[in-house]
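Written below as structure tokens is the structure these notes are about.
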Amino acid sequence: MPVDDSLPGARASTGSSSSRRPVVLDVDTGVDDACAILLAAAHPALDLRAVTCVGGNAPVDDVVANTLTVLDAAGRAEVPVARGADRPLLEPAAHARHVHGEDGMGDLDWPRSSRVPDPRHAVELLRDVLLSAAAAGESVTLVPLAPLTNIALLLRTYPLVANGIREILFMGGAVAVGNATASAEFNIFHDPEAAAMTLDAAAELAIPVTMYGLDVFYAPTVSRAEAAELVAAGGRGSAELGGRLIAFQCQRFDRPAATIGDAGAVCAVIDRDALTCERRPVRVELAGSWSRGRTIVDRREWSGDRAHDPHGPAPGVIDVALDVDAARFSRLWLDTVAGRLGS
Ligand code: RIB
Ligand code: CA
């Protein structure tokens with residue numbers, strides 16, 4: 001199990017700098033990635049060190065522009081943003097405009113950032129942040145919310161970064177459901193090789209991993225009415241942007257409420273006790289015609305029986321989220337984005 005437990009700031013607006021958890025997000029902003037960035041940028045229990053970008057929901061240059069825009073709205077323009085892989089390791093790039101809109105962030109006509117990203121490639125920015133943390137005796141919670149292309153490249157190119165990683169808590173995969181296909185979740189399906197490499201490298205480097213997959217991803221929601229209250233705050237700040245992102249999803253899918261999506265993975269860093277996990281071997285299917293990109297979560301109680309299991313034990317044994325206190329995460333996201341923590 002990772003060393004994490006719930007952070008002092010999980011339920012209130014406390015959290016001195018000494019107790020703030022260093023985090024880095026890797027994103028494909030993305031409506032719900034934007035919700036996650038707003039939370040990580042504002043919550044007092046977190047110390048957001050950097051945000052790195054990868055192609056996924058949108059082309060990587062749109063992801064960079066969206067990420068800079070969200071950090072501007074959150075008043076966190078000092079957080080470095082870097083451009084990473086523009087396509088998967090083997091698969092051609094494919095985007096999800098049907099979900100996230102033409103610009104990848106809900107086509108909100110929100111004022112675009114005039115800033116440019118850090119000149120380093122995402123892998124180099126991640127390396128520098130993680131090695132600096134290690135040199136300072138700190139460890140960073142790495143929160144990938146997108147295809148794992150940057151993370152796979154990082155771990156295989158600079159394995160020493162493991163000394164600066166407390167845990168990888170990624171949004172991706174699923175035990176029982178799919179969304180990109182009948183059997184695979186989008187982030188994994190987009191780059192299955194990167195996901196397999198990440199799990200393999202994390203096992204080799206003894207980095208604790210938690211999988212925040214579809215089994216919990218859709219549960220924490222925010223209603224149209226709650227979104228309207230956020231929008232009413234106006235001022236082009238986090239609250240208004242967060243409200244508009246939720247409202248866009250409600251409208252796009254004609255639903256009374258929308259998931260906070262990737263933001264749930266950031267909630268799990270802040271309030272781990274709200275998540276129910278099992279420690280399970282996990283593999284990524286690379287070859288299946290209809291199952292490529294599926295996360296194979298081995299829930300057999302006798303898994304790893306070398307004598308009788310032709311596949312043998314999977315290298316990656318990780319914490320798999322099976323259930324979540326959805327209302328707790330929804331409230332955590334709402335109160336943080338609305339600036340109501342501690343009230
Ligand atoms: O399957 C959900 C994931 O795919 C989320 O990260 C969402 O942003 C999309 O990238
Ligand atoms: Ca995402």
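The values are calculated or read from the model by the stated rules, or taken from the named source; none is laboratory data. Just so it is clear, the structure is predicted and the values come from calculations on it, not from any experiment. Heads up, the Cβs are rebuilt from the backbone with ideal geometry, glycines too, and the neighbour counts pull from every protein chain shown. To get the accessible areas, we keep the full protein, side chains included, count just its heavy atoms, and leave off ligands, DNA and RNA. Shrake-Rupley method; radii C 1.70, N 1.55, O 1.52, S 1.80 Å.
Tabulated data for the structure shown
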quantity: Any chance Ala93 is part of a loop (DSSP other than H, G, I, E, B) and not polar (S, T, N, Q); calculated: yes
quantity: Within region 142-159, tally of residues that are part of a loop (DSSP other than H, G, I, E, B) and surrounded by fewer than 24 Cβ atoms within 10 Å (Cβ to Cβ); calculated: 1
quantity: Residue within region 25-39 that is outside any loop (DSSP other than H, G, I, E, B), more than 16 Å from ligand 1 (Cβ to nearest atom) and crowded, with 20+ Cβ neighbours inside 10 Å present; calculated: no
quantity: Residue list for region 103-141, restricted to those being of a type in the set (Ser, Thr, Tyr), part of a loop (DSSP other than H, G, I, E, B) and under 19 Å from the mean Cα position of the chain (by Cα); calculated: Ser139
quantity: Cβ-Cβ under 9 Å pairs, at least 6 apart or on other chains, region 212-228 side under 26 Å from Ile168 (Cβ atoms) and open to solvent by 50 Å² or more (accessible area, probe 1.4 Å), far side of a type in the set (Phe, Trp, Tyr) and not in a helix (DSSP H, G or I); calculated: none
quantity: Among the candidates Asp72, Asp47, residue that is of a type in the set (D, E, K, R), modelled with pLDDT of 95 or more, under 21 Å from Val23 (Cα atoms) and assigned to a helix (DSSP H, G or I); calculated: Asp72
quantity: Complete set of residues in region 162-203 that are part of a loop (DSSP other than H, G, I, E, B), away from ligand 2 (no atom under 16 Å from the Cβ) and not β-branched (Val, Ile, Thr); calculated: Ala176, Ala182, Ser183
quantity: Candidate set from region 126-141 (those that are open to solvent by less than 10 Å² (accessible area, probe 1.4 Å) and over 20 Å from Gly30 (Cβ atoms)); member that is nearest to ligand 2 (Cβ to nearest atom); calculated: Val140
quantity: Residues within region 89-102 that are surrounded by 14 or more Cβ atoms within 10 Å (Cβ to Cβ) and in contact with a helix residue (DSSP H, G or I) (Cβ under 6 Å, 6 or more places away or on another chain), tallied; calculated: 2
quantity: Those residues of region 229-248 which are of a type outside the set (Gly, Ala, Ser), closer than 11 Å to Leu108 by Cβ and open to solvent by 30 Å² or more (accessible area, probe 1.4 Å), in sequence order; calculated: Val231, Arg236, Arg244
quantity: Search result, residues across region 65-91 that are within 16 Å of ligand 2 (Cβ to nearest atom), hydrophobic (A, V, I, L, M, F, W, C) and touching a Gly at 6+ places or on another chain (Cβ under 9 Å); calculated: Ala65, Ala85
quantity: Out of Glu226, Glu167, sole residue that is modelled with pLDDT of 95 or more and either touching an Asp or Glu at 6+ places or on another chain (Cβ under 8 Å) or within 16 Å of ligand 1 (Cβ to nearest atom) (or both); calculated: Glu167
quantity: Residue list for region 213-248, restricted to those being under 20 Å from Ala268 (Cα atoms) and touching a Cys at 6+ places or on another chain (Cβ under 9 Å); calculated: Pro220, Val222, Gly242, Ile246
quantity: Among (1) closer than 23 Å to Gly235 by Cα; (2) within 14 Å of ligand 1 (Cβ to nearest atom); (3) outside any helix (DSSP H, G or I), the one test that Gly56 misses; calculated: (1)
quantity: Lone unmet requirement of (1) open to solvent by 70 Å² or more (accessible area, probe 1.4 Å); (2) within 16 Å of ligand 2 (Cβ to nearest atom); (3) hydroxyl-bearing (Ser, Thr, Tyr) for Thr259; calculated: (1)
quantity: Subset of region 49-64 [open to solvent by less than 10 Å² (accessible area, probe 1.4 Å) and away from ligand 2 (no atom under 16 Å from the Cβ)]; calculated: Ala50
quantity: Some residue of region 109-125 being within 15 Å of ligand 1 (Cβ to nearest atom), open to solvent by less than 70 Å² (accessible area, probe 1.4 Å), out of contact with any Lys or Arg (no Cβ under 7 Å at 6 or more places or on another chain) and closer than 29 Å to Leu341 by Cβ; calculated: no
quantity: Pair list, Cβ under 7 Å, 6 or more apart: region 44-57 residue under 12 Å from Arg83 (Cβ atoms), other residue open to solvent by 10 Å² or more (accessible area, probe 1.4 Å) and part of a strand (DSSP E or B); calculated: Cys53/Arg83
